[in-house]
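**Student:** One structure follows; several queries about it will come next.
The values are calculated or read from the model by the stated rules, or taken from the named source; none is laboratory data. Keep in mind it's a predicted model, so treat the numbers as computed, not measured. All Cβ positions, glycine included, derive from the backbone under ideal geometry; neighbour counts span all protein chains shown. What goes into the accessible areas is simple: the full protein's heavy atoms, side chains included, and nothing from ligands, DNA or RNA. Shrake-Rupley method; radii C 1.70, N 1.55, O 1.52, S 1.80 Å.
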Amino acid sequence: GGCEVMSKSPLVVVAAAGGAALLALSYGAWSRRQWQVSLHSAGSLPELIQSRTGHAGKVGSLLSFATKSEEVHDAQLGVTYFLRIAEALKKKPGVGKSSKNPFLPPFEDGLYVCELGATHRLLLNKFNIVDHHVLVVTQEFQEQEAPLTAEDFAAADTVIDGMKALNGRGGLCFFNRGPASGFSQPHKHVQVVPLPVAPTCETIPLERQLLTTQPLSGRLETAALPYKHVFFRRGGGAQDLRSGLEEALQFLGLEEVDPSKSWNLLWTSEWLIVIPRSQETFAGLSPNAVAYTGALFVKSDSDAQKLREVTPTGVLVGAGFPSEPRKSNG
């Protein structure tokens, strides 16, 4: 009889649903949507994420990897990259290897967090390198190549706001678009990790470079980053992000309707950046969207050694494009 509670208080539900109860619901209960948890306010999100994380860890649904970390300094750029070495990443499935869509119910025990409005829901990322790595997914199947909508941005922003209650700094959203961007699930999803992305910085390792900007066109700016990108500072909510993204893609000559074009998109409550991708892998390394903040993950010690040789800057530029020369301030 714990199901009736679900529409009233998400925090009670998790306690009531505890153990393997969610997974043990009959198919009828799944189809009647009795498992759904509605979110009443972004403020209740941290508690919900933490309780689901605890449960998913206990039942073995969450694969959290032990990582070792080190800093890699780039004297030319004047930046210290943060590198995590995660052995167990090798187990992550590639595109199309699993027949079941993990972003549609019934979900693996403990990975479902809550509904985000009428169009999206929040899941824990099964393969998490950092704590509280979550996925904002569309309730109905949509292609990952489909244009991001104001609704997508609004749902992700709810999670950023919730993470502010968790850590005071909010979250970093990222979206991988196109074959060279590094996405492994065809169902549309935005990923969110709490800030800071590395323990060595306030938000991201490349923050100083990111916020050292020059005007480009309209609201668009270019930052002191070695790879091609377009940046803008946020001035409003979801619709503002949507129109800013259109402006950025147009400036970069990227067509949202062209599924062959690839880019990484990252945003916080303060800014948004678009990074065009030329290839998924460079020198045998596959940087994900978060790598473009200066926090990189590699799968093994040998990959870490390769990264030191090629340099993080070399990998980011190689998998993207070199940045345009900046105007001198003279």
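**Student:** For segment 160-205, build the convex hull from the C-alpha positions and give me its volume per residue in Å³.
**Tutor:** 87
**Student:** Can I ask one more? Computed FRET efficiency, Cβ-Cβ of Arg219 and Leu63, R0 45 Å: what is it to the nearest 0.05? Write down the numbers at each step before the final one.
**Tutor:** Numbers: r = 40 Å, r/R0 = 0.89.
In this case the efficiency is close to 0.65.
**Student:** Dipole magnitude of the chain about its Cα centre, charges +1 at Lys/Arg Cβ and -1 at Asp/Glu Cβ only, in debye to the nearest 20? Don't skip to the answer; put the middle values down first.
**Tutor:** Values: 31 positive and 32 negative charges, 103 e Å.
Around 500 debye, computed over the chain.
**Student:** A further question follows. Mind checking the per residue accessible area of segment 168-313 for me, 1.4 Å probe, whole number of Å²?
**Tutor:** That works out to 36 Å² for each residue.
**Student:** With all protein chains present, calculate the accessible area of Lys261 using a 1.4 Å probe and round the result to the nearest 10 Å².
**Tutor:** Result for Lys261: roughly 70 Å² accessible.
**Student:** Modelling each spin label as a point 7 Å along the Cα-to-Cβ direction, I'd like the Arg233/Arg208 distance in nm, to one decimal.
**Tutor:** Going from the Arg233 label point to the Arg208 one covers 1.9 nm.
**Student:** Roughly what percent of Cα-Cα pairs across segment 246-299 reach past 19 Å? If you can, show how the numbers build up before the last one.
**Tutor:** Numbers: 503 of 1431 pairs.
Every Cα pair in segment 246-299 considered, those over 19 Å come to 35 percent.
**Student:** Then there is this: Is the shape of segment 53-197 best called rounded, prolate or oblate, per the rule: a/c under 1.5 gives rounded, else a/b larger than b/c gives prolate, else oblate, with a ≥ b ≥ c the square roots of the Cα gyration tensor eigenvalues?
**Tutor:** Judged from the Cα gyration tensor, segment 53-197 comes out rounded (a/c under 1.5).
**Student:** How big is the charge dipole of segment 200-312 about its Cα centre, in debye rounded to the nearest 20, if each Lys and Arg gets +1 on its Cβ and each Asp and Glu gets -1 on its Cβ?
**Tutor:** 160
**Student:** A further question follows. Going by average Cβ density within 10 Å per residue, which order do the peptides 234-244, 271-281 take, highest to lowest? Could the numbers behind the result be given before it?
**Tutor:** On the way: 234-244: 15.5, 271-281: 19.6.
Descending packing order for the listed peptides: 271-281, 234-244.
**Student:** Still on this model: Checking the cross-link filter: which aspartates and glutamates have an alpha carbon closer than 16 Å to that of Lys164, excluding same-chain neighbours under 8 positions apart?
**Tutor:** Glu47, Asp131, Glu202, Glu270
**Student:** Roughly what angle does helix 150-167 make with the longest principal axis of the chain, taking Cα atoms, 0 to 90 degrees, to the nearest 10?
**Tutor:** Tilt of helix 150-167: around 90 degrees.
**Student:** Let me ask something additional. Calculate for the chain the 222 nm mean residue ellipticity that helices alone would give, adding -39,500 (n - 2.57) per DSSP H run of length 4 or more and normalising by residue count, nearest 500 deg cm²/dmol.
**Tutor:** When only DSSP H runs of four or more count, the value is -7500 deg cm²/dmol.
**Student:** On a 0 to 90° scale, report how tilted helix 238-252 is relative to the longest principal axis of the chain, with both axes built from alpha carbons and the result rounded to the nearest 10.
**Tutor:** The two axes meet at around 40 degrees.
**Student:** Find how many whole Å separate the alpha carbon centroid of segment 162-226 from the alpha carbon centroid of segment 111-135.
**Tutor:** 18
**Student:** Report the relative contact order of segment 127-229, percent, no decimals, based on alpha-carbon pairs under 8 angstrom and at least 6 residues apart.
**Tutor:** Answer for segment 127-229 is 26 percent.
**Student:** Further, regarding this structure: So if we plug the beta-carbon distance of Ala150 and Phe321 into 1/(1 + (r/R0)^6) with R0 = 25 Å, what FRET efficiency do we get, rounded to 0.05?
**Tutor:** Plugging the Cβ-Cβ distance into 1/(1 + (r/R0)^6) gives 0.30.
**Student:** Could you work out what % of the accessible surface of the chain is carbon and sulfur, using a 1.4 angstrom probe and leaving DNA, RNA and ligands out of the count?
**Tutor:** 54
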